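Okay, so here's the structure we're looking at.
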Amino acid sequence: MDGNGRWAEQQGLPRAVGHEKGAEVVRAVTRAAKARSIKHLTLFAFSSLNWGRPTQEVNALMDLLCHFLESQEQSMIEEGICLRGIGERSFLPQRVKSLLERVEENTNQNNELFLNLAISYDGRRDLVKATQQLVALACQGLLLPADVQEELIMQKLATGNTPDVDLLIRTSGEQRLSGFLPIEACYAELVFIDKLWPDFTSQDLDRALDEFESRQRRFGLTGHQLELSMSPA
Ligand code: FPP
């Protein structure tokens with residue numbers, strides 16, 4: 001969700017205002033995703049590297065996250081949204097951690113849309129953490145080299161049992177992943193959108209979905225093989 005800061009600066013407003021507008025777009029896009037029967041949505045709200053930003057901006061983002069969690073809790077419960085935070089939780093201020101835990105607990109029976117909020121997240125650090133868990137099991141004699149298979153590694157990532165990413169959208173014209181779901185998105189279709197996140201609309205989501213639909217995902221096969229596998233026997 002890139003471009004909040006630039007959106008605000010372009011209008012001579014404080015960066016925090018861009019993040020506030022960005023949070024409104026989060027609400028709209030989450031509803032739009034659910035209305036389009038998308039089952040899993042992961043939003044990159046705050047990267048591990050973002051801790052290096054000015055304290056004032058970090059605090060504004062943490063306040064905004066709290067406000068988002070508090071103000072959206074009831075509607076998430078009612079709309080069947082299951083919220084889960086992914087990222088290094090120990091770094092979060094206590095107030096964010098407590099709210100996140102509360103909303104996670106109160107929405108954990110929901111299954112209309114699984115919404116992952118990546119906060120203090122970095123994919124490489126997540127992989128390190130997953131590896132440490134596996135090594136700890138190996139040290140206890142509970143894991144052999146042959147047990148370390150793709151599925152086990154995927155389970156140990158913060159995204160747990162979330163399916164692989166199909167479509168990854170980055171806004172603001174930047175064309176990089178910035179540590180977002182590097183393992184989970186390794187076969188994802190990438191769509192880069194020139195608009196800043198606060199200007200992103202449900203029509204942009206539809207355009208990205210159309211683009212996704214128009215692509216042929218070959219997963220290493222040839223186009224001919226795919227056509228054969230899809231033609232009636
Ligand atoms: C990155 O680019 C974006 C962020 C660090 C914050 C994203 C946060 C939100 C969209 C709102 C809060 C989230 C929730 C879930 C309530 P940038 O905005 O700093 O943009 P820039 O590259 O233009 O400076």
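The values are calculated or read from the model by the stated rules, or taken from the named source; none is laboratory data. All of these numbers come straight from a predicted model, not from anything done at the bench. Here Cβ is always computed from backbone atoms with ideal geometry, including for glycine, and neighbour counts include all displayed protein chains. Heads up: the accessible areas ignore ligands, DNA and RNA and are worked out on the full protein's heavy atoms, side chains in. Shrake-Rupley method; radii C 1.70, N 1.55, O 1.52, S 1.80 Å.
The table that follows gives values for the structure above.
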read-out	value
Residue list for segment 210-224, filter: exposed (fewer than 10 other Cβ atoms within 10 Å of the Cβ) and within 10 Å of LEU167 (Cβ to Cβ)	GLU213
Test: residue in segment 56-70 that is within 19 Å of GLU112 (Cα to Cα) and in contact (Cβ under 8 Å) with a residue 40 or more places away in the chain	no
Hits in segment 111-157 - residues which are within 16 Å of the ligand (Cβ to nearest atom) and open to solvent by less than 50 Å² (accessible area, probe 1.4 Å)	LEU113, LEU115, ASN116, LEU117, ALA118, ILE119, SER120, TYR121, ASP122, GLY123
Qualifying position, being buried (at least 19 other Cβ atoms within 10 Å of the Cβ), at pLDDT 95 or above and within 12 Å of the ligand (Cβ to nearest atom), among GLY85, GLY52	GLY85
Qualifying position, being over 15 Å from ALA118 (Cβ atoms) and within 9 Å of the ligand (Cβ to nearest atom), among ARG95, ARG6, ARG36	ARG6
Residue in segment 36-47 that is farthest from the chain's Cα centre (by Cα), counting only those that are over 19 Å from GLY22 (Cβ atoms) and in contact (Cβ under 8 Å) with a residue 24 or more places away in the chain	ARG36
Residues (in a loop (DSSP other than H, G, I, E, B), within 14 Å of the chain's Cα centre (by Cα) and crowded, with 18+ Cβ neighbours inside 10 Å) located in segment 158-187	ALA158, THR159, THR162, VAL165, THR171, PHE180, LEU181, GLU184, ALA185
LEU190 being surrounded by 12 or more Cβ atoms within 10 Å (Cβ to Cβ) and at pLDDT below 95	no
Those residues of segment 97-108 which are under 18 Å from THR30 (Cβ atoms), more than 17 Å from the chain's Cα centre (by Cα) and open to solvent by 30 Å² or more (accessible area, probe 1.4 Å), in sequence order	ASN106, ASN108
Candidates ALA158, ALA138 - the one that is modelled with pLDDT of 95 or more and in contact with a strand residue (DSSP E or B) (Cβ under 6 Å, 6 or more places away or on another chain)	ALA158
Filtered residue count, segment 55-82, keeping only those that are charged (D, E, K, R) and away from the ligand (no atom under 13 Å from the Cβ)	2
